[in-house]
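Heads up: the structure comes next, in structure tokens.
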Amino acid sequence: MKDDSASYYDSREFTELLTSYENMLSDGGSVYFDSMDIANIAEYYSMSGELDKSDRAIEYGLRLHPSDADILISKANNLLRRGLKDEARVLTESISDPDNQELLYLKGEIELAFDRIDDADAYFTQAVQLSDNDPGMLNDIIVKYMDNRNYDLCQKWLDMALVLSPDSRNFIELQADLFFDTGQADTAIEWYNHLLDEFAYDTYYWDQLGRIYYEKNEFAKARECFEFIEAIEPEDKSSRMMKASCIFNMDDWKGAYDIYKALLEEDPASYTLLYYCGRCLYEMEMYADAYDKFMDTLAMLMLDDEVPEEMYVELYFYLADTAQRTERKEQAVRYIHDGLALDPNDKDLLELAQKLGIE
């Protein structure tokens, strides 16, 4: 899912407001701001992941506007974003503004955090009714349910949104994303293609299509999608990586190697790219060069504490196999033992050990 909706926070009006507020902080003075302006500044910082700055704006706002509902809602939002859902609930219950749609929406978020789905949906329904079916509110609810993997409710709200706004690009995209997230691949393809009929240069849709085809093992179709992205955004490394993966899975080892090698030159610290360069060389039976790449990969893996054991096991197999193919039996034996120490039941390592007469 992408977020490319036009936002008040991108407007000149808000940019000038934020500049005025930050200049005030720099100057050490005190300037009057409307309560809603402060709430928007706090929300902007919160959305940007700067919760401390958001808290500071809220504290300043409450000095100007004690007990203001919009500012208190921002404060409760920050509590929820920090995972303090009990504190957020207590604060929202203290706010006396029963017709405030943002308050009702926040109460829905809090109930969702407590996994009280029916209560959350009731609050969301009230919020939308007060907003007169505002598309932005509908969007937020749909995205919230999608993020929370409440797919049935997500579809319920999407059905409502598409009845109200059947030509909305945003809701059509959300429906396509929902089909994507729920594994309805063929239907998702139809919806993304529908979007591409009108928005042919939107790389997000091409990327989603490419990933669907990739998961379906339709690598030629997936490759075409990533090539479209490459034509639109030549510097997009992710699409080039996916294109290489498609080519690799189509057994075009030289074509995949050329892309991996070029990407590695741009990002020499990537052990993933280094490993796949080795894999391509291995498949091309260039075992000595592959062994060197796998050795370099191992050295880089050891600098990362987050590497899963499975990757080491796989790498040890290719190190052992390229070692024995290049007459390095002692090294081959060592890497077989290293791999089996992590996974004694690995089929490839056991077969290689049997081939070499290793017990």
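The values are calculated or read from the model by the stated rules, or taken from the named source; none is laboratory data. What you see is a predicted model, and the numbers here were worked out from it, not measured in a lab. Heads up, the Cβs are rebuilt from the backbone with ideal geometry, glycines too, and the neighbour counts pull from every protein chain shown. Only protein heavy atoms, including side chains, enter the accessible area calculation; ligands, DNA and RNA are left aside. Shrake-Rupley method; radii C 1.70, N 1.55, O 1.52, S 1.80 Å.
In percent, what relative contact order does region 148-297 have, based on Cα pairs under 8 Å that are 6 or more apart in sequence?
Value for region 148-297: 11 percent.
Heavy atoms of the protein only, probe of 1.4 Å, neighbouring chains included. What is the accessible area of Ser238 in Å², nearest 10?
Roll a 1.4 Å probe over it and Ser238 shows about 60 Å².
Could you put Asp34, Asp207, Asp321 in order of accessible surface area, largest first, with the 1.4 Å probe and the full protein assembly present?
So the residues, ranked largest to smallest area, are Asp34, Asp207, Asp321.
To the nearest 10 Å², what's Asp132's accessible area with a 1.4 Å probe?
130
Does anything in region 268-288 have its amide N under 19 Å from the 7 Å Cα→Cβ label point of Val307, and if so which residues?
268-282
What is the set of long-range amide H partners of Ser168 at a cut-off below 5 Å, with H atoms built 1.01 Å from backbone N?
none
Put +1 on the Cβ of each Lys and Arg and -1 on the Cβ of each Asp and Glu in the chain; which of Gln155, Val143, Tyr260 then has its Cα farthest toward the positive end of the dipole?
Of the listed residues, the answer is Tyr260.
Roughly how many Å² of Leu62 are accessible to a 1.4 Å probe, to the nearest 10?
40
For the pairs Lys144/Lys237; Lys107/Lys156; Lys75/Lys156, note any where the Cα-Cα span goes beyond 24 Å.
Exceeds cut-off: Lys144/Lys237; Lys75/Lys156.
Considering only protein heavy atoms, what per residue accessible area in square angstrom results for region 267-324 with a 1.4 angstrom probe?
In whole numbers, region 267-324 has 46 Å² accessible per residue.
Say R0 is 22 Å: what FRET efficiency, to the nearest 0.05, do Asp52 and Ser30 get from their beta-carbon distance?
Using R0 = 22 Å, I get an efficiency of 0.65.
With a 1.4 Å probe and every protein chain left in place, work out the accessible area per residue of region 110-258 in Å², rounded to a whole number.
Spelled out: the 1.4 Å probe surface of region 110-258, per residue, equals 50 Å².
Using each residue's phi in region 102-113, evaluate 6.51 cos²θ - 1.76 cosθ + 1.60 at θ = phi - 60° and report the 3J(HN,Hα) Karplus result to the nearest Hz, with x for Gly and Pro.
Result, ordered by residue: 5, 5, 5, 5, 5, 4, x, 4, 5, 5, 5, 5 Hz.
Past the 22 Å Cα-Cα mark, which pairs from Lys216/Lys293; Lys53/Lys85; Lys216/Lys261?
Too far apart for the 22 Å limit: Lys216/Lys293; Lys216/Lys261.
Within the accessible area of the chain, what % is carbon and sulfur when the probe is 1.4 Å and the other protein chains stay in place?
Whole-percent figure for carbon plus sulfur exposure: 46.
Of Met311, Met302, which has the most accessible area and how do the rest follow, probe 1.4 Å?
Descending order: Met302, Met311.
Which value, in debye to the nearest 20, describes the size of the charge dipole of region 1-134 about its Cα centre when Lys and Arg Cβ atoms bear +1, Asp and Glu Cβ atoms bear -1, and nothing else is charged?
Dipole about the Cα centre, nearest 20: 400 debye.
Given +1 on the Cβ of Lys and Arg, -1 on the Cβ of Asp and Glu, and no further charges, what dipole in debye does the chain carry about its Cα centre, rounded to the nearest 20?
Around 680 debye, computed over the chain.
Using θ = phi - 60° and the Karplus form 6.51 cos²θ - 1.76 cosθ + 1.60, what ³J(HN,Hα) does each residue of region 145-151 get, whole Hz, x for Gly and Pro?
Those phi angles translate into 5, 5, 4, 8, 6, 8, 5 Hz.
Going by the alpha-carbon gyration tensor, a ≥ b ≥ c the square roots of its eigenvalues, is region 87-187 rounded (a/c under 1.5) or, if a/c is not under 1.5, prolate (a/b greater than b/c) versus oblate?
Judged from the Cα gyration tensor, region 87-187 comes out oblate (a/c at least 1.5, b/c at or above a/b).
So what are the ³J(HN,Hα) numbers for region 43-55, from phi and the Karplus equation (6.51, -1.76, 1.60; θ = phi - 60°), rounded to whole Hz, Gly and Pro as x?
5, 4, 4, 4, 5, 7, x, 9, 5, 5, 5, 5, 4
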